Amino acid sequence: MPGTPPGLDDRYRARGLRTDERIGWLPSRAAGRWPDRTALVCEDTRLTYAQLSRWVTRVAAWLVDAGIRPGDRLLWQLPNSVEAVVLHLAGWRIGALCVPVVPAYREHEMAQIFADARPSAVVFASTLGSRSPVAEMEALMDSAGVTPRVRISVGTDSAVARPGWTTLPAQPPDTALTEDLSLPDPAHAGTACLLLYTSGTTAKPKGALHSSATLLAEVTTLGRSLGYSHRDVSITGAPISHIAGLLLTALLPSAYGAKAVLLTKWDADTAVALASKEKATFSCGPTVFLQGFVEGYEANPEQHPHRLSSFMCGGAAISPSLIERADAAGIHAFRSWGMTEAPTVGLVGPDDSLHLRAHTDGRSSEGCEVQAVDADRNPLPPNTLGELRLRAPEQMLGYTDPTLDAEQVDSEGWFYTGDVGQVDADGWITMTGRLKDVINRGGEKFSAQDIEHAISSHAAVGAVAVTGLPDDRLGECVAAFVVLRQGRDWPGQQALLDHLEAQKLARAKFPTVWRQVDELPMTMSGKVQKNRLVELWEAERGAVPEPA
């Protein structure tokens with residue numbers, strides 16, 4: 001595992017971006033400073049920091065009694081809930097390596113994750129919609145030869161857990177003791193404490209390892225850049241098994257004494273109403289989340305006198321027009337570049353202009369270096385397109401697969417992201433797509449994202465994904481998959497082409513295949529699965545006429 005070269009770590013420490021603080025101490029220290037402040041709101045449950053810390057301590061002690069030791073891998077797959085937050089913080093408290101997995105993953109993905117993670121303890125929901133994850137995963141683990149020492153079931157019917165499975169302790173009363181000196185200490189700052197699996201659009205999940213040092217560097221950077229404080233109220237519907245949801249529930253609020261509001265699942269109407277009720281100030285997530293807030297405010301402006309103040313948008317291509325609409329609706333929204341391996345690399349400040357927020361992906365964050373490089377990994381001049389590489393205090397320790405480290409991290413600590421973009425002389429980053437998301441039409445190559453931005457500015461378009469499709473003559477042709485805005489009708493292919501013509505887009509970039517779809521297939525992190533769109537086109541080719 002590459003880790004951070006010593007010189008870089010010294011540099012980060014000198015700026016206060018790396019410390020010896022351990023993430024497992026967050027709940028108890030927050031309870032000591034702000035015992036009566038609201039820490040977490042989820043459905044009908046409201047916990048103060050004292051109540052949250054007390055519950056975390058009880059679960060931590062229970063995990064130790066169950067046989068979990070420092071360094072053990074605690075894998076959990078749960079929907080958003082208070083129990084999931086408590087479990088995760090309890091694992092960190094006793095020095096376990098927490099392995100949260102998004103609920104959407106089923107046997108196919110979980111078989112790969114089990115083989116890689118080899119967990120000592122597993123936690124699954126007893127039911128999830130029509131599914132029975134406990135039964136599914138029990139059978140899968142048996143067939144894969146995975147034998148965790150502890151198996152935990154969470155859910156309304158977990159009191160009658162299957163043989164060999166146990167259940168988590170409930171919230172203790174406020175009179176319960178909070179003494180926890182008998183518990184193991186949390187993992188050291190530089191030791192891996194979090195294993196996240198990236199929701200790749202085509203490949204199998206990749207395991208990225210983070211430590212207290214990398215995660216708390218992210219918390220520090222966000223706090224300084226955004227001016228985040230105890231006065232803030234974060235709201236999210238992102239899975240807490242993903243870095244965005246984890247940041248807004250278990251990390252950022254606890255570090256600053258703020259309130260976290262957690263949706264059990266994303267629903268735009270619920271999010272807008274809850275943000276108004278709880279006076280939410282900050283959120284982050286993929287484009288679809290910001291779009292939900294914007295459309296809610298646009299449709300019923302009088303019903304929502306309180307507006308979400310700030311939204312950090314990432315995870316997928318973000319059209320400038322959506323940021324502009326958000327600004328008109330009263331939200332200080334901005335594009336941000338980041339990934340599981342380095343969560344927030346591009347950031348803006350409260351006073352940065354609408355143009356910069358809409359047309360760039362932020363300025364390289366404090367302590368972070370970003371460069372565009374050529375195919376030989378040589379740095380390119382400012383404003384020149386190339387693969388984006390980075391070095392950052394919040395950068396992961398490395399992958400669980402050493403071959404991936406060898407491919408993507410060099411001896412100087414540079415991480416090669418696979419994203420294409422440019423960086424100007426002042427450090428402003430503009431990401432234009434993925435190395436694999438470049439359309440080659442007759443030998444001429446261009447970014448799909450550039451075309452998406454142009455199409456998305458049409459008044460009828462709510463979301464769009466552009467990709468290349470096989471073409472016998474040119475190698476690839478351009479295809480656009482369009483989701484309409486609420487209440488809008490399909491304007492017709494020619495109207496969209498006229499819109500691109502009015503923007504003076506190069507005609508070689510004009511889509512020759514158009515599809516209207518109800519929704520775009522997404523990963524849990526909000527990235528469009530373009531391979532599935534290609535599969536859709538191949539399945540229906542010749543059977544369904546194109547919209548006219």
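The values are calculated or read from the model by the stated rules, or taken from the named source; none is laboratory data. It should be emphasised that the depicted structure is a prediction, and the values quoted were computed from it without experimental measurement. Cβ sites come from the backbone with ideal geometry, for glycine too, and all protein chains shown count toward neighbours. Side chains are part of the model used for accessible areas, which takes the heavy atoms of the whole protein and leaves out ligands, DNA and RNA. Shrake-Rupley method; radii C 1.70, N 1.55, O 1.52, S 1.80 Å.
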Give me the residue from the stretch 361-375 that is in a loop (DSSP other than H, G, I, E, B) and out of contact with any helix residue (DSSP H, G or I) (no Cβ under 6 Å at 6 or more places or on another chain) and, out of that set, surrounded by the fewest Cβ atoms within 10 Å (Cβ to Cβ). Ala375
Does the stretch 419-438 hold any residues that are open to solvent by 50 Å² or more (accessible area, probe 1.4 Å), touching a strand residue (DSSP E or B) at 6+ places or on another chain (Cβ under 6 Å) and assigned to a loop (DSSP other than H, G, I, E, B), and which are they? Leu435
Any chance Cys284 is touching a Pro at 6+ places or on another chain (Cβ under 8 Å) and under 20 Å from Leu347 (Cα atoms): no
Tell me, which helices (runs of 4 or more DSSP H) lie completely within the stretch 1-102 with 3 or more residues that are among the charged types (D, E, K, R)? 6-14, 49-66
Condition first: open to solvent by less than 30 Å² (accessible area, probe 1.4 Å) and either out of contact with any strand residue (DSSP E or B) (no Cβ under 8 Å at 6 or more places or on another chain) or charged (D, E, K, R) (or both). Now tell me which residues in the stretch 498-534 satisfy that. Leu500, Leu505, Arg515, Thr523, Ser525
Pairs please, first residue from the stretch 211-229 and within 19 Å of Leu194 (Cα to Cα) and free of Cβ contacts under 8 Å to residues at least 40 places away in the same chain, second anywhere and assigned to a helix (DSSP H, G or I) and open to solvent by 10 Å² or more (accessible area, probe 1.4 Å), Cβ atoms under 6 Å, 6+ apart in sequence or on different chains. Val219/Ala255
I need the full set of residues from the stretch 102-114 which are over 15 Å from Arg151 (Cβ atoms) and open to solvent by less than 10 Å² (accessible area, probe 1.4 Å), in order please. Ile113
Selection status of Leu251, over 14 Å from Asn80 (Cβ atoms), outside any helix (DSSP H, G or I) and either open to solvent by less than 20 Å² (accessible area, probe 1.4 Å) or modelled with pLDDT of 95 or more (or both): no
From the set of residues in the stretch 328-358 that are farther than 16 Å from Ala244 by Cα and of a type in the set (D, E, K, R), which is modelled with the highest pLDDT? Arg357
Log entry, pairs with first residue in the stretch 42-60 being touching a residue at least 12 places away in the same chain (Cβ under 8 Å), second being assigned to a helix (DSSP H, G or I) and of a type outside the set (A, V, I, L, M), beta carbons closer than 7 Å, six or more apart or on different chains, reads Leu52/Pro27; Ser53/Pro27; Ser53/Ser28; Val56/Pro27; Val56/Arg93; Ala60/Arg93
Would you check if Pro545 is modelled with pLDDT of 85 or more and not in a helix (DSSP H, G or I)? no
How many of the residues in the stretch 13-70 are of a type outside the set (A, V, I, L, M), under 19 Å from Thr167 (Cα atoms) and buried (at least 22 other Cβ atoms within 10 Å of the Cβ)? 3
Hits in the stretch 224-245 (condition: over 22 Å from Gly16 (Cβ atoms), part of a helix (DSSP H, G or I) and either open to solvent by 30 Å² or more (accessible area, probe 1.4 Å) or not hydrophobic (A, V, I, L, M, F, W, C) (or both)): Gly245
Looking only at the stretch 283-337, how many residues end up being in a strand (DSSP E or B) and open to solvent by 40 Å² or more (accessible area, probe 1.4 Å)? 1
Filter the stretch 404-458 down to the residues that are aromatic (Phe, Trp, Tyr) and more than 21 Å from Leu533 (Cα to Cα) and list them by number. Trp414, Phe415, Tyr416, Trp428
Kindly establish whether Gly413 is in contact with a helix residue (DSSP H, G or I) (Cβ under 8 Å, 6 or more places away or on another chain) and not basic (Lys, Arg). yes
Leu380: touching a strand residue (DSSP E or B) at 6+ places or on another chain (Cβ under 6 Å) and open to solvent by 30 Å² or more (accessible area, probe 1.4 Å), yes or no? yes
Among (1) assigned to a helix (DSSP H, G or I); (2) in contact with a Pro (Cβ under 8 Å, 6 or more places away or on another chain); (3) among the small types (Gly, Ala, Ser), Ala260 falls short only on (1)
For the stretch 385-395, the count of residues that are at pLDDT 95 or above, open to solvent by 10 Å² or more (accessible area, probe 1.4 Å) and in a loop (DSSP other than H, G, I, E, B) equals 1
Consider Ala208 carefully, then state whether it is open to solvent by less than 30 Å² (accessible area, probe 1.4 Å), modelled with pLDDT of 95 or more and assigned to a loop (DSSP other than H, G, I, E, B). no
Residue, nearest to Arg37 (Cα to Cα), within the stretch 272-282, restricted to residues that are open to solvent by 20 Å² or more (accessible area, probe 1.4 Å) and not aliphatic (A, V, I, L, M): Lys279
